[in-house]
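Taking it in order: structure first as structure tokens, then the write-up.
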Amino acid sequence: MRLGEFSLIKEISKRLVFKDKEVVVGIGDDAAVVKCKDGYQLLTSDGLTEGSHFVDSWKEVVKELYYYLGKKLVNINASDVASMGGEPKFGLVNLALKERFSKEKAIEFYEGINEASKELKVSVVGGNITKSQNLLFDMFLVGKSSSFMLRSRAKPGELVAVSGEVGDSRGGLELLLQGKRKPWKLVEKFLSPKARVREGREVLKLGVKCCTDVSDGLLFNLGTIAESSGVKIEISSSKIPISRELKEVFKEKALNFGLSGGEDYELIITFPEKLIGKIEELGFKVIGEIKKGKGVFVDGKEVKPRGFQHFKEE
């Protein structure tokens with residue numbers, strides 16, 4: 001039997017039982033939470049691997065490929081901090097590089113790191129470089145917050161909303177696989193997503209308790225909320241925010257990309273109905289509601305949450 005990615009994480013967590021008294025949240029959410037004197041530190045790590053997240057040949061389609069990958073690395077880590085309601089602060093970047101990886105590509109990559117770090121006010125303070133058969137760009141990020149949201153805090157009676165549009169990243173990936181870069185909006189969403197730090201911070205201030213980001217696909221990440229919170233989530237397909245560009249290029253596939261495509265890095269929140277006006281002012285779209293029960297339902301039919309996993313269960 002081979003474990004899937006998230007089953008493997010559960011097995012690993014069983015074997016890492018030691019917790020310092022300052023650890024508030026360990027393995028199992030978007031970031032770990034550690035108590036400190038003036039609030040909480042949020043700790044996360046994520047990476048980009050050649051073959052799984054990108055291929056070098058895309059540089060023929062997008063000349064600035066490694067610049068965008070540098071920006072993406074910072075933003076995908078910042079997204080985990082954003083989904084907890086925090087501010088990203090300090091980062092360590094670790095590189096596993098092929099022996100013939102060029103100096104020009106490395107400099108281009110760090111120009112992207114620098115640009116995203118300036119935008120998000122992140123200080124990259126160190127890291128490591130090693131030789132490898134495949135490229136790996138990895139980051140460890142520390143954030144800070146006075147409080148935090150968790151995916152395990154959804155309550156029956158709350159509404160479910162998502163920031164921005166979903167599915168564009170999957171559309172961008174499909175275009176790159178076809179050797180295309182237009183429409184650029186879709187390709188850019190895949191190569192250079194924007195962490196929703198401001199939105200996460202603002203909904204936390206409003207009193208939102210439950211949040212996660214769309215890293216593995218809308219349905220899959222809704223499933224993590226449903227399972228962690230012990231609730232049923234009902235959404236309407238007609239309310240899923242799908243961009244005009246995605247519909248024009250991918251037609252009937254657009255909705256499926258919106259439901260199951262990963263790496264949009266939008267935020268999913270659940271919240272009491274009384275906050276709907278302020279939530280919508282922040283750009284969130286209501287897509288459903290939380291009820292008693294379990295599972296994820298689309299248009300009244302239960303669906304198996306699907307999205308991207310690095311390892312499939314067998």
Exactly one condition in (1) free of Cβ contacts under 8 Å to residues at least 60 places away in the same chain; (2) under 20 Å from Ser79 (Cβ atoms) is false for Asn128; which is it? (2)
Residue check for Arg201: surrounded by 14 or more Cβ atoms within 10 Å (Cβ to Cβ), assigned to a helix (DSSP H, G or I) and of a type in the set (D, E, K, R): yes
Does region 131-144 contain at least one residue that is aromatic (Phe, Trp, Tyr) and closer than 30 Å to Glu273 by Cα? no
Go through Glu99, Glu115, Glu108 for me and flag whichever is more than 20 Å from Gly200 (Cα to Cα), modelled with pLDDT under 95 and not polar (S, T, N, Q). Glu99
List every residue pair whose Cβ atoms lie under 9 Å apart, where the two residues are 6 or more positions apart in sequence or sit on different chains, the first residue falls within region 172-187 and is on the phi > 0 side of the Ramachandran plot, and the second residue, located anywhere, is among the aliphatic types (A, V, I, L, M). Gly179/Val61
Residue set Gly217, Gly288; condition surrounded by 18 or more Cβ atoms within 10 Å (Cβ to Cβ) and within 27 Å of Trp184 (Cα to Cα); output residue Gly217
Inspect region 102-124 for any residue being within 21 Å of Leu267 (Cβ to Cβ) and surrounded by fewer than 16 Cβ atoms within 10 Å (Cβ to Cβ) and give the result as yes or no. yes
Return yes or no: is Leu141 more than 14 Å from Pro193 (Cα to Cα) and outside the structural domain of Lys194 (by TED's automatic domain parsing)? yes
Criterion first (of a type in the set (Lys, Arg), closer than 20 Å to Ser243 by Cα, in contact with a strand residue (DSSP E or B) (Cβ under 6 Å, 6 or more places away or on another chain) and surrounded by 15 or more Cβ atoms within 10 Å (Cβ to Cβ)) does Arg151 satisfy it? no
Say whether the condition of being at positive phi and of a type in the set (Ser, Thr, Tyr) is met by at least one residue in region 256-273. yes
Can you name every residue in region 290-303 that is in contact (Cβ under 8 Å) with a residue 12 or more places away in the chain and over 23 Å from Asp80 (Cα atoms)? Lys291, Lys292, Gly293, Lys294, Gly295, Phe297, Val298, Asp299, Gly300, Val303
Number of the exception - Ser83 against (1) assigned to a strand (DSSP E or B); (2) touching a strand residue (DSSP E or B) at 6+ places or on another chain (Cβ under 6 Å): (1)
Do any strands (runs of 3 or more DSSP E) lying entirely in region 94-190 carry at least 1 residues that are of a type in the set (D, E, K, R), and which ones are they? 123-131, 136-145
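The values are calculated or read from the model by the stated rules, or taken from the named source; none is laboratory data. This structure is a prediction, so every number in the text was calculated from the model and none was measured. Don't worry about glycine lacking a Cβ; one is built from the backbone with ideal geometry, like all the others, and counts go over all protein chains shown.
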